[in-house]
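Q: Let me begin by handing over the structure; questions about it come next.
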Amino acid sequence: MSETIKLNANNLEHLPEGVMVPNYNRTKIKTGIVHVGVGNFHRAHQAFYTDQLLCKGKGNWGISGIGLLNEDRKMYHAFTRQDGLYTLMVLDPDEKLRPRVIGSIVEYLFAPENPDRVIEKMADPEVRIISLTITEGGYNQDPATGEFNMSEKSVQWDLHHPDQPQTIFGYLTQALKHRRERKMPGLTILSCDNIQHNGEVCKKMLISYMKEAEPNLVNWVEQHISFPNSMVDRITPVTTPSDKEHLKVQFGIEDLWPVVCEPFIQWVIEDNFANGRPEWESVGVQFVEEVDPYEKMKIRLLNAGHSLLGLTGLLYGYRTIDETVRNPLLASLLREFMDKEATLVLGKIEGIELEGYKDNLVQRFSNTKIKDQVSRICAESSAKIPKFLLPTIREQLDRGGSIQFGTLIVATWCRNLELAGTSDYSIEIQDSMRNELEQKAKASVNDDPLSFLRIEAIFGNLVHYRRFVDTYLQMINELRRHHIDEVISKLLRR
Ligand code: CS2
């Protein structure tokens, strides 16, 4: 294709045939939803569901996107240049690609530039839902105690500078304070992160912050704000230059930041909305009374399965998840972990046939078009492992069940950190706890064999469980002596 078109509102009607575009008048759409943390995942998931709803003419719920962090400046730039539009490319191995331009994010505010505008937006009477994808670490929960980490630097900043907050808790507190003072109705705060009981965790963290910052507000929040739990699912890799090139060459669209994702999509939400909600069920969202079993299943199988493939895959030198799962040893390891450990602590889930769910997961991981990055999966493992994996190990320890596959994941994580920075290892660990992780992992080689497991903020009291410690020591020693391939083969033969 020789001519290319820059994506923006004026050019929408000039896009080539075969590209789906919003069929609604975006200038007339109200922002009933404020969404904090507009990354690729939100753009492939909630914004897509909402776009479908707007296309069906069902309700007037647009999204006002918020970038809270300095790192969101690049997204701000893309949204400003493209009037909030972007292209979603759903990559199905069996179907022809049909890009879709998403229009549901009708506004984007960059908080560091204008905190007041963001607070006012959240307090706007038009806004009835504030949804969040702020990552597992964004809730500032101490994994060892489950409590809010009040000593965190930006939390301390917010307590002393309530008008110029940096954290989500500071923003929500100011906005809700305005809503109460202005005698406005409450709203729903909808967490969409991979945390079990995400709504409850979000509420607990916010209330803990408020008890320090605005104790008088707590009662009002308890009465007027709802925090539904939800389970969200769609694998969405980091956008690569070749994704942009693909869109440009095949479809003639110049998009600063398109999103690619897999065909699978699921959103299960507890139907508990304080001030109305979109009719998302008409585009496939499931509203249920109890989300817990779905969340648990997804986090303990898919997310933990991802960490298993990612952390072992790094030791092989694989770059993408489809590569890892094509290795028959890793595919068997994944299945054994799911069947012999994770599944045993799930219980029954209504309407779900677990064997089929697991088969489907393996298929999703194998999608060769997705090229989901091992580096994405392993990033911020310090926030993921305590939520995705350690609860399974704990529950299996309590019931006297197998822990060897889960423990291998922990040992593999430590082994990667030991190797980081050495000449045999070219990967850079991306983790906000990186220094401490690397230091403790390296110290475990010669000084204190348990120094890694003694990181209490991650492992809590697991280091006091004899069976876990013995299994871990055996695995880490094997990983130091043998290639990962040998270690896994031996484990699978046991
Ligand atoms: C991944 C998730 O970040 C991770 O480790 O497991 O981003 C995963 O791809 C999504 O939760 C899929 O819904």
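Since every read-out is calculated from the coordinates, none of them should be taken as a lab result. Please read all numbers here as calculations on a predicted model, not as lab measurements. No Cβ is skipped: glycine too gets one built from the backbone with ideal geometry, and neighbour counts run over all protein chains shown.
Q: Please report, in Å, the Rg and the Dmax of segment 14-80, where both are computed over Cα atoms only.
A: 13.0, 37
Q: Here is a follow-up. Using modelled backbone amide H atoms (1.01 Å from N, in-plane), which distant-in-sequence or interchain residues come within less than 5 Å of VAL34's amide H?
A: The answer is SER64, ARG128, ILE129, ILE130, SER131.
Q: Enumerate the calculated ³J(HN,Hα) couplings along segment 29-44 in order (Karplus 6.51 cos²θ - 1.76 cosθ + 1.60, θ = phi - 60°), each rounded to whole Hz, writing x wherever the residue is Gly or Pro.
A: For segment 29-44, the Karplus curve yields 7, 8, 9, x, 10, 9, 10, 9, x, 7, x, 4, 4, 4, 6, 8 Hz.
Q: Report, in debye and to the nearest 20, how large the dipole of segment 127-197 comes out about its Cα centre when Lys and Arg carry +1 and Asp and Glu carry -1 on their Cβ. If you can, show how the numbers build up before the last one.
A: Details: 7 positive and 8 negative charges, 114 e Å.
Dipole about the Cα centre, nearest 20: 540 debye.
Q: Additional query: Roughly how tilted is helix 168-181, in degrees to the nearest 10 and between 0 and 90, from the longest Cα axis of the chain?
A: It works out to around 40 degrees.
Q: Below 8 Å, C-alpha to C-alpha, sequence gap of six or more: please give me the relative contact order for segment 327-459 in percent. List each step's numbers first, then the result.
A: Details: 81 pairs, mean separation 34.5, N = 133.
With pairs under 8 Å counted, the relative contact order is 26 percent.
Q: Give me the three principal axis extents of the chain from the C-alpha atoms, as integers in angstrom, largest value leading.
A: Result, largest extent first: 64, 61, 46 Å.
Q: Once amide H atoms are placed 1.01 Å from N in the peptide plane, what residues at a sequence separation of 5 or more from VAL260, or on another chain, have their amide H within under 5 Å of its amide H?
A: MET89
Q: Suppose we take every Cα in segment 113-207 and form the convex hull; what volume per residue is that in Å³? Don't skip to the end; give the middle numbers.
A: Numbers: hull volume 9.6 nm³, N = 95.
So the per-residue hull volume is 101 Å³.
Q: Sticking with this structure for a sec: So how long is each side of segment 435-493 along the principal axes, counting just the alpha-carbon atoms, biggest first, in Å?
A: For segment 435-493, the Cα extents along the three principal axes come out at 33, 23, 17 Å.
Q: In what sequence, highest mean first, do 11-18, 222-229 appear when ranked by Cβ atoms within 10 angstrom?
A: On the way: 11-18: 12.2, 222-229: 18.0.
The peptides rank, most packed first, as 222-229, 11-18.
Q: Can you bin segment 225-338 into rounded, prolate or oblate? Criterion: square roots of the alpha carbon gyration tensor eigenvalues sorted a ≥ b ≥ c, rounded for a/c under 1.5, prolate for a/b above b/c, oblate for the rest.
A: Details: a/c = 2.94, a/b = 1.22, b/c = 2.42.
Verdict is oblate for segment 225-338.
Q: Next up: Using θ = phi - 60° and the Karplus form 6.51 cos²θ - 1.76 cosθ + 1.60, what ³J(HN,Hα) does each residue of segment 209-216 get, whole Hz, x for Gly and Pro?
A: Going residue by residue, I get 4, 5, 4, 8, 7, 8, x, 5 Hz, with x marking Gly and Pro.
Q: Next up: I need the Debye-formula profile for segment 76-116: one equal scatterer per C-alpha, no solvent, reported as log10 I(q)/I(0) at q = 0.20, 0.22, 0.27, 0.28 1/Å, two decimals.
A: Normalising to I(0) and taking log10 leaves -0.69, -0.75, -0.91, -0.94.
Q: Now a separate question. What list do you get for ARG480, ARG100 if you sort them by fewest beta carbons within 10 Å? Numbers along the way, then the final one.
A: Details: ARG480 15, ARG100 19.
Going from least to most buried by this count: ARG480, ARG100.
Q: Computed on alpha carbon atoms, what radius of gyration and Dmax characterise segment 88-159, expressed in Å?
A: In order Rg, Dmax, the Cα atoms of segment 88-159 give 18.5, 53 Å.
Q: Let me ask something else about it. Hey, can you rank 459-470, 57-68 by average C-beta count inside 10 Å, highest first? Please report the intermediate quantities before stating the final value.
A: On the way: 459-470: 15.4, 57-68: 21.2.
Ranking, from highest mean packing down: 57-68, 459-470.
Q: Classify segment 370-454 as rounded, prolate or oblate from the Cα gyration tensor: take a ≥ b ≥ c as the square roots of its eigenvalues, call it rounded if a/c is under 1.5, otherwise prolate when a/b beats b/c and oblate if not. Let's see the in-between values first.
A: Numbers: a/c = 2.04, a/b = 1.26, b/c = 1.62.
Since a/c reaches 1.5 but b/c is at least a/b, the shape of segment 370-454 is classed as oblate.
Q: On alpha carbon coordinates alone, what is the Rg over Rh value for segment 270-322, Rh being the Kirkwood radius? Can you show the working numbers first?
A: Details: Rg = 17.1 Å, Rh = 14.0 Å.
In segment 270-322, Rg relative to Rh is 1.23.
Q: Shifting gears a bit: For the chain, what's the relative contact order in percent, using C-alpha pairs closer than 8 Å and at least 6 residues apart? Mind showing how you got there, number by number?
A: Working: 842 pairs, mean separation 71.0, N = 494.
Once divided by the residue count of the chain, the mean separation gives 14 percent.
Q: Then there is this: Roughly what % of Cα-Cα distances in segment 1-156 sit above 18 Å, to the whole percent? Please list the in-between numbers first.
A: On the way: 7686 of 12090 pairs.
Every Cα pair in segment 1-156 considered, those over 18 Å come to 64 percent.
Q: Using a simple charge model, +1 on the beta-carbon of Lys and Arg, -1 on the beta-carbon of Asp and Glu, nothing else, what dipole does the chain show about its Cα centre, in debye to the nearest 20? Mind dumping the intermediate values first?
A: Numbers: 58 positive and 68 negative charges, 31 e Å.
For this selection, approximately 160 debye.
Q: What is the extension gain from GLU147 to GLU181, computed as 0.36 nm multiplied by their sequence separation minus the C-alpha to C-alpha distance, in nm to one decimal? Display every interim value, and only then the final one.
A: On the way: separation 34, 0.36 × 34 = 12.24 nm, distance 2.87 nm.
Contour length minus the Cα-Cα distance gives 9.4 nm.
Q: If you find the alpha carbon centre of segment 473-494 and of segment 207-261, how far apart are they in angstrom?
A: Rounded to whole Å, the Cα centres lie 38 Å apart.
Q: Do the alpha carbons of any pairs in LYS28/LYS58; LYS296/LYS369; LYS30/LYS121 sit beyond 19 Å of each other, and which pairs?
A: Working: LYS28/LYS58 14 Å; LYS296/LYS369 28 Å; LYS30/LYS121 12 Å.
Listed pairs above 19 Å: LYS296/LYS369.
Q: Turning to a different aspect of this structure: Rounded, prolate or oblate: which one fits segment 118-165, using the alpha carbon gyration tensor with axes a ≥ b ≥ c (rounded when a/c is under 1.5, else prolate when a/b beats b/c, else oblate)? Present the calculation step by step, with values, prior to reporting the outcome.
A: Values: a/c = 3.18, a/b = 1.48, b/c = 2.15.
Oblate, because a/c is 1.5 or more while a/b does not exceed b/c.
Q: When the gyration tensor of segment 346-494 is built from Cα positions, what are the square roots of 5 times its three eigenvalues, in whole Å, from largest to smallest?
A: Values: eigenvalues 133, 86, 53 Å².
Result for segment 346-494: semi-axes of 26, 21, 16 Å.
Q: Here is a follow-up. Provide, as a two-decimal number, the C-alpha radius of gyration of segment 153-283 over 2.2 N^0.38 Å, N being how many residues it has.
A: So the Cα radius of gyration is 1.36 times the expected 2.2 N^0.38 Å.
Q: For segment 324-407, what is the convex hull (Cα atoms) projected area averaged across all directions, in square nanometres?
A: Details: hull surface 25.2 nm².
Averaged projected hull area, Cα only: 6.3 nm².
Q: Can you list residues whose amide H is under 5 Å from VAL288's amide H, if they're 5+ apart or on another chain and H is modeled 1.01 Å from N?
A: For VAL288, whose amide H was placed from the backbone, the distant partners under 5 Å are ILE269, GLU270, ASP271.
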